[in-house]
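*Asks:* Pasting in a structure now, in structure tokens, and then I'll have a few things to ask.
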Amino acid sequence: MQFSRLLPKKFSARLIVITISSGLIPIIIFGCLISIFEHRFLTQANSAVYRGQEEQWQRSRTILKKTSEDFIRQKVLDVVLQLELYLQAHPDMTVEDLQNDVRFREIAVQPVGKKGYTAVQDVDTAMNRFHKDSKIENLDLHSLSDKLPEFWTIMKNSLGGRYSYGYYKWKESNGELRDKFMYIAPINEKTADGVRLGVSATSYIDEFTRPILAAQDVSHGTTRYLMIVLNSLIQSFKTVGFLSMGLGMLFIVAFSSWTGTYFSRAITNLQKATQAVNQGNFDIRVKPAMSGDVRELIENFNQMLAQLSLTTVKKEQLEASQKELKTTNAQLHQEILEREQAEKALRESEERFRELAELLPETIFEIDVNGDLTFVNRSGLDQFKVTQQDLDQGINGFDMFIPEDRQRVMENAQKVLQGKQIGLLEYTALRKDGSTFPVMVNAAAITYENNPIGLRGIAIDISERVQSEQALRDSESKFRSLFNLSPQAIALTELETGKLTDVNNMFCELTQYSKGEIIGKTTTGVGFYSHDDRIGFLNELQTSGEVNGLEMDFKAKDGSILNALMFARVIRISGKSFILNIFLNITEQKMLQTQLQQAQKMESIGTLAGGIAHDFNNILYSIIGYTELALDDTEKETQLHGNLQELLIAAHRAGDLVKQILTFSRQADQKLKPLKIQLVVREALKLIRSSLPTTIEINQNISNTCGLIMADATQIHQVAMNLLTNAYHAMEDQGGKLDVTLKELDLDVDDLKDPAMLAGPYVCLTVEDTGAGIDEYLMDRIFEPYFSTKGKDKGTGLGLAMVHGIVKSFGGNIRVYSEPGKGTAFHVYLPTIQTQAETKEIRIKSPVKGGKERILIVDDEEQIVRMSQQILERLGYHVTVRTSSIETLEAFRAAPDRFDLVITDMTMPNMTGVQLTQKLIEIRSDIPVIICTGFSEKISEHKASTMGIRGYVMKPVIRSELAKKIREVLG
């Protein structure tokens, strides 16, 4: 109501005002919408086009980047394969040999792309071995860790023989940073000097993506041009729209002014229609309210609206179609470009693959998902004895394996198609002619748009390797047989760690260890020998390259020390260094050598004892003789007479001592006599008491009622001294108690442990100490000759062995009881006899028979000659003496009938007593001869009798025995 008041009252004027107002409103709205639509449409269209292009370029860049990585990785694997084949063909070449080998270098260093290349490194030390720049060969790549940390990370991950790959930044000489991709794969074969190598390939990744970037720039330029053209079209449309609206407005104003008066009836309808049009409803129609021109006008108005509606709809559809067509064209263009680039890269890769495959001596093949062969190189055709025509007619790759392997081949092929890596596998291949041969097969999936379409792989003929392995197994079997059957102990140890990796049966038997107890342990850890001994052993091995006859001691499981000669040499097994040790056991030989040395020592002692005995007996002979003469010249019951008797008894004891020395050295026959053992035991206790420290307490319980035994006093004394000395050594450091018991007891059959013993009365001597005791595992060895747990300065290992032998020789037995930490007790059992003991008293008052015969005495000791002359002359004999065997022979030869008896010493200068006797018998065959000797290995009583010597006496001899022997010889 308020707005209508502002309108003019005249209808035509009002119509003009209303028409103008109605015309301006859609123009303004149209202009605003066009402006908004222009800005938003262009912005969104430009953004949508660029976004779509970027998505397409990113996908293309990712595909090309992945293709580039696959190409570099395939290049590395191809080089690895070629180098492995080359190393298999030249197993004796070291790294230095390979660096000087032109063919190996050509394979190792190959171009990758325009500026990329392959190289070879040591995968254990990261040392650069082969590079296109020879100046940086043998460079430690660890030195690049600070300058190129990303590069060093990839290289470090490959150490130890692992696969590694990744990107790193490389700074060009102009300062530009570019991305490089590197892939590293290990070579399974080692060089002759045990070096493990790996192949790496590196290349600029933008070499492969640069064409995409160029195409992207072209596409962006085209898009910008299209957006400019589209903007121009929109501006033209806007200009035409505004002009059309302006002209229409003028037409309406003129027409409304001209018809305002005449067509007032149609104004309302036209006003409503105009309002509807202003609201954008072009489908509305005005019903004619009158005839004539107004009706025609309304019909024309309706036709205009219909035409306008039709025109407006076609333009929108055209714009939508154009937009969709442009989008489709851009996508199609992008897809065509990508496909052309991919097909080109694929063709180039296929060409390189075909060229390489045809050059390789091994079988290179491709199969589809059904197993049908699509490609086989010339080497493969030759190996399987098929032709290209056979291949063209169709061959299933699975049929080229023996039936037993086909199922396994197909299963492994499926695993590879599923993306699993299974590595080299061994099969038996089947040729066209039916023959077979072993092969190693490795394959990878062929993919297209991330879908597997087949397999590509290599088949390596390993007939020679299989034959070599069989020969190696045969050789190893022979070595194993020799190893286990060897009579010598053999051990195999690691050079670096000293760990035992294998031992033979003799080694286990010798050391008393089972294989399970020592395999994997070090020799020093087990305790075979000390660390210092091993160092000395290794020093000689390193100095000489081998060990020949090195004498070493090592400990067995039971603690016993074994002597062995070591023979060793370093050998290599599977690229690893080992020491082959051979132990020549010389323990028994050393023991025999020790026994021989001891026997030689005893022989020397015996020889020395014989010499001492001879000289000492001569001295005693003089002492005893002159003492007996002095006793004859002194009055009885006087102190001097008593002293002389003691002197005579001491001289006889000294004679017994000489006999003990000779018995010990086995140079005098033992004579068993009835013996009262308690006297000998007391004498031994008396002798050892002075040498024991005060920390050892001696308790003795010796029965005086013990019976007699048949034994040699010297040997019983030896038994007692050995047992007492062992007890002393057991308590030497800590002190203790020594108990000595002697008693008689009856043993029945149940008490006897030795079948050689008889039931009856026995004398039991027990020597018990509170020392350290004897370990149980040593109890069975204590009576073995030369076995001793004492130090070298305390024992020879003969004491208990000698005791055991003496006791057994007397028909007795010895038992031992010991507990470690508590002490030891030795029990000696000796059978008693029912006879009386021989008296050892010197019968000084016994009557001595003499005579009137003529006796010739010869001895090189003047003292003995004078003493003998006095004794025999006091017995009434006529005595002629000489101190030289030569003089004696001359005197006898001058008057052979002048003498009734000759008494000669055995050992004399120039001529022995035996030789002199033979000369005398030659002169006078019936001449009686008595030979006297202090000691001689060359004469005995029996031997003297066979030589015609009628009498034999041992020095020192007492007067009564000599007088008795003279009367026996003279009759």
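*Asks:* Report the relative contact order of the range 531-586, percent, no decimals, based on alpha-carbon pairs under 8 angstrom and at least 6 residues apart.
*Replies:* Dividing the mean separation by the residue count of the range 531-586 yields 27 percent.
*Asks:* Tell me, in nm to one decimal, what length is gained between His942 and Val102 on full extension, where the rule is 0.36 nm per residue of separation less the Cα-Cα distance?
*Replies:* 292.7 nm
*Asks:* How much accessible area per residue does the range 467-522 have, in Å², with a 1.4 Å probe?
*Replies:* 60
*Asks:* Could you check the simple spin-label distance between Ser47 and Gln512, using points 7 Å along Cα→Cβ, in nm with one decimal?
*Replies:* Inter-label distance under the simple model: 9.3 nm.
*Asks:* I would also like to ask the following. Please compute the per residue accessible area over the range 82-219 with all protein chains in place, 1.4 Å probe, rounded to a whole number of Å².
*Replies:* Accessible surface, normalised per residue, equals 50 Å².
*Asks:* Another question about this same structure. Grab the Cα-Cα distance for Ser577 and Ile36, subtract it from 0.36 nm times how many residues apart they are, and report the gain in nm with one decimal.
*Replies:* 186.2 nm
*Asks:* Residue separation times 0.36 nm, minus the C-alpha to C-alpha distance between Phe375 and His827: what's the value?
*Replies:* Difference between extended and current length: 153.1 nm.
*Asks:* When the accessible area of the range 95-161 is split by element with a 1.4 Å probe, what percent falls to carbon and sulfur?
*Replies:* 49
*Asks:* To two decimal places, what compactness ratio does the range 45-156 give when its Cα radius of gyration is scaled by 2.2 N^0.38 Å?
*Replies:* The value comes to 1.46.
*Asks:* Between Phe479 and Lys415, what FRET efficiency follows from the Cβ-Cβ distance if R0 is 51 Å, with the result rounded to 0.05?
*Replies:* 0.85
*Asks:* What FRET efficiency comes out for Ala471 versus Glu55 if R0 is 60 angstrom and r is the Cβ-Cβ distance? Round to the nearest 0.05.
*Replies:* E(calc), rounded to 0.05, equals 0.45.
*Asks:* Enumerate the residues in the range 153-169 having an amide nitrogen under 12 Å from the point lying 7 Å beyond the Cα of Asp133 toward its Cβ.
*Replies:* none
*Asks:* Hey, rough spin-label estimate for Lys190 and Asn231, points 7 angstrom out along Cα→Cβ, what's it come to in nanometres?
*Replies:* Using points 7 Å along Cα→Cβ, the separation is 7.2 nm.
*Asks:* By average Cβ neighbour count within 10 Å, what is the ranking of 122-131, 484-493, 334-343 from highest down?
*Replies:* Descending packing order for the listed peptides: 122-131, 484-493, 334-343.
*Asks:* Starting from the Cα of Ala320, step 7 Å along the direction of its Cβ; do the same at Lys557; then give the gap between the two resulting points in nm.
*Replies:* 9.6
*Asks:* Calculate what fraction, in whole %, of the accessible area of the range 360-418 sits on carbon and sulfur atoms when a 1.4 Å probe is rolled over the protein chains.
*Replies:* Roughly 48 percent of what the probe reaches on the range 360-418 is carbon or sulfur.
*Asks:* Please give me, ordered by residue number, the GluC sites (Glu not before Pro) of the range 462-548 that lie in loop per DSSP and have at most 11 other Cβ atoms within 10 Å.
*Replies:* Taking the range 462-548 and a limit of 11 other Cβ atoms within 10 Å, the loop GluC sites (Glu not before Pro) found are Glu496.
*Asks:* Okay, next question. What net charge do the residues around Leu455 carry, taking every other residue with its C-beta under 9 Å from that of Leu455, with Lys and Arg at +1 and Asp and Glu at -1?
*Replies:* Residues close to Leu455 contribute a combined charge of -1.
*Asks:* A follow-up question, please. State whether the range 456-507 is rounded, prolate or oblate according to the following rule on the C-alpha gyration tensor (a ≥ b ≥ c being the square roots of its eigenvalues): a/c under 1.5 gives rounded; otherwise a/b larger than b/c gives prolate, and the remaining case gives oblate.
*Replies:* oblate
*Asks:* May I ask you to give the solvent-accessible area per residue for the range 841-915, in square angstrom, as obtained with a 1.4 angstrom probe?
*Replies:* Normalised by residue count, the accessible surface of the range 841-915 is 52 Å².
*Asks:* Using packing as a proxy for protection, rank 169-175, 854-860 so that the peptide with the highest average count of other Cβ atoms within 10 Å comes first.
*Replies:* Listed from highest to lowest mean packing, they are 854-860, 169-175.
*Asks:* Now a separate question. Carbon and sulfur: what percent of the range 522-570's accessible surface (1.4 Å probe)?
*Replies:* Ligands and nucleic acids excluded, carbon and sulfur give 47 percent.
The values are calculated or read from the model by the stated rules, or taken from the named source; none is laboratory data. Bear in mind that the values here come from a model prediction, so they are computed numbers and not experimental data. Using ideal geometry, Cβ is built from the backbone for each residue, glycine included, and neighbour counts are taken over all protein chains shown. Heavy atoms of the whole protein, side chains included, go into the accessibility calculation; ligands, DNA and RNA do not. Shrake-Rupley method; radii C 1.70, N 1.55, O 1.52, S 1.80 Å.
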